[in-house]
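The values are calculated or read from the model by the stated rules, or taken from the named source; none is laboratory data. Bear in mind that the values here come from a model prediction, so they are computed numbers and not experimental data. Neighbour counts run over all protein chains shown; Cβ positions are idealised from the backbone, glycine included.
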Amino acid sequence: MAIALDTKLSQQVQKAAQEAGLAVVDGVANSGFNGLATEKYTLAMASAPEGHTTMLELTAGLDLANPAYGQTLHNFLLEAAKRLRNPKPDFYVTLGGLPVSMSGWQWPFHLSTSGADSYIVHGDTKLEDGKTPTEQQLKAKVSANMTVTFAEVVPAPEQPFAEGFIYNAVRKILDQGQSELVKSGNRQPVPVTTRYYSSKQGKFIFNDTTAQERADFIASKVYWLSGVLGGGEPVWITDPRDAQYLNTTVDELKKVATELAGEGVLKLDPSLEFAASTEPLMSHRGDYEKQLAEALEFTRPSFNEEMRAGHTNM
């Protein structure tokens with residue numbers, strides 16, 4: 001599929017996308033934060049180019065032929081292809097029971113304009129309850145930041161190498177009640193520090209979860225993203241981002257989902273990777289709405305008043 005943008009990077013992106021079963025349906029030169037030149041691509045399933053899309057934004061001139069980038073980029077695009085099969089590809093749930101979307105992210109990271117020794121990336125996290133009008137939707141304008149030292153863990157401060165752990169950091173902050181969902185407001189910081197990364201194990205760790213917590217999470221994900229927001233369509237329940245967020249494995253998620261399917265909580269497809277809601281699950285609407293209300297309330301009480309007044313360093 002031909003696109004207007006014709007650069008070395010665009011050719012590399014199209015080749016990598018094709019290898020992952022994706023098609024580049026659009027590519028444009030863009031101006032990122034502080035005028036940084038980027039290239040922004042719209043990706044879709046190669047088998048359904050008119051279906052769901054997702055965005056990929058990279059620094060102009062980035063050379064994807066760098067051996068340090070190859071496997072990570074390939075895995076990122078493979079996961080994007082699976083996520084595009086979801087009824088709402090950019091929707092996630094938190095352990096606390098909040099269904100949220102991630103949107104408007106301005107990649108790549110940029111150095112803090114305040115002189116702080118950190119890299120920053122901006123985006124929006126919105127509450128998705130399926131009934132609140134868009135103009136009244138609660139959201140958090142996010143400023144995710146990582147120190148220059150911590151950035152050494154990441155092959156490049158670009159979307160394919162950081163999006164997963166940034167989204168999980170946002171979910172973790174919501175779980176801790178350290179970010180507030182409001183109708184409007186200033187950007188709220190989401191620090192990504194060494195507390196989220198084990199150098200000994202070489203991986204990110206956001207939560208230590210029990211088998212019951214993982215089962216509750218998957219049920220909640222299917223309830224919200226399939227039953228309430230997805231029209232009953234199946235959602236990907238073996239997403240590696242969820243495995244990282246829960247500090248578990250994709251195989252464990254599949255095992256838990258299989259057990260839930262045996263109890264009639266959800267319906268698995270033959271691959272055991274996608275699950276749809278069932279009537280027994282949807283009968284617990286009252287429980288999930290109560291959990292949502294409690295999770296929202298948890299984000300509100302003791303928020304940093306200086307931040308409310310706009311005293312941030314972003």
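See the values below:
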read-out: Flag for Gln18 being surrounded by fewer than 17 Cβ atoms within 10 Å (Cβ to Cβ) and closer than 19 Å to Leu78 by Cβ; value: yes
read-out: Search result, residues across segment 132-153 that are among the charged types (D, E, K, R) and under 19 Å from Gly96 (Cβ atoms); value: Lys139
read-out: Test: residue in segment 105-123 that is within 26 Å of Asp269 (Cα to Cα) and either assigned to a helix (DSSP H, G or I) or among the β-branched types (Val, Ile, Thr) (or both); value: no
read-out: Top-ranked residue of segment 61-95 - restricted to ones that are modelled with pLDDT under 95 and among the small types (Gly, Ala, Ser), ranked as nearest to Ala29 (Cα to Cα); value: Gly61
read-out: Qualifying residue in segment 246-253 (condition: on the phi > 0 side of the Ramachandran plot, surrounded by fewer than 20 Cβ atoms within 10 Å (Cβ to Cβ) and within 20 Å of the chain's Cα centre (by Cα)); value: yes
read-out: Matching entry among Ser184, Ser179 (being surrounded by fewer than 18 Cβ atoms within 10 Å (Cβ to Cβ) and part of a loop (DSSP other than H, G, I, E, B)); value: Ser184
read-out: Test result for Asn145, assigned to a strand (DSSP E or B) and touching a strand residue (DSSP E or B) at 6+ places or on another chain (Cβ under 8 Å); value: yes
read-out: Residue in segment 66-86 that is assigned to a strand (DSSP E or B) and either touching a residue at least 60 places away in the same chain (Cβ under 8 Å) or in the same structural domain as Leu225 (by TED's automatic domain parsing) (or both) present; value: no
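Okay, residues lined up against (1) outside the structural domain of Thr59 (by TED's automatic domain parsing); (2) among the β-branched types (Val, Ile, Thr); (3) closer than 23 Å to Tyr223 by Cβ:
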{"site": "Tyr119", "(1), (2), (3)": "yes, no, no"}
{"site": "Gly123", "(1), (2), (3)": "yes, no, no"}
{"site": "Lys131", "(1), (2), (3)": "yes, no, yes"}
{"site": "Gln137", "(1), (2), (3)": "yes, no, yes"}
{"site": "Lys141", "(1), (2), (3)": "yes, no, no"}
{"site": "Ala144", "(1), (2), (3)": "yes, no, no"}
{"site": "Val153", "(1), (2), (3)": "yes, yes, no"}
{"site": "Gln159", "(1), (2), (3)": "yes, no, no"}
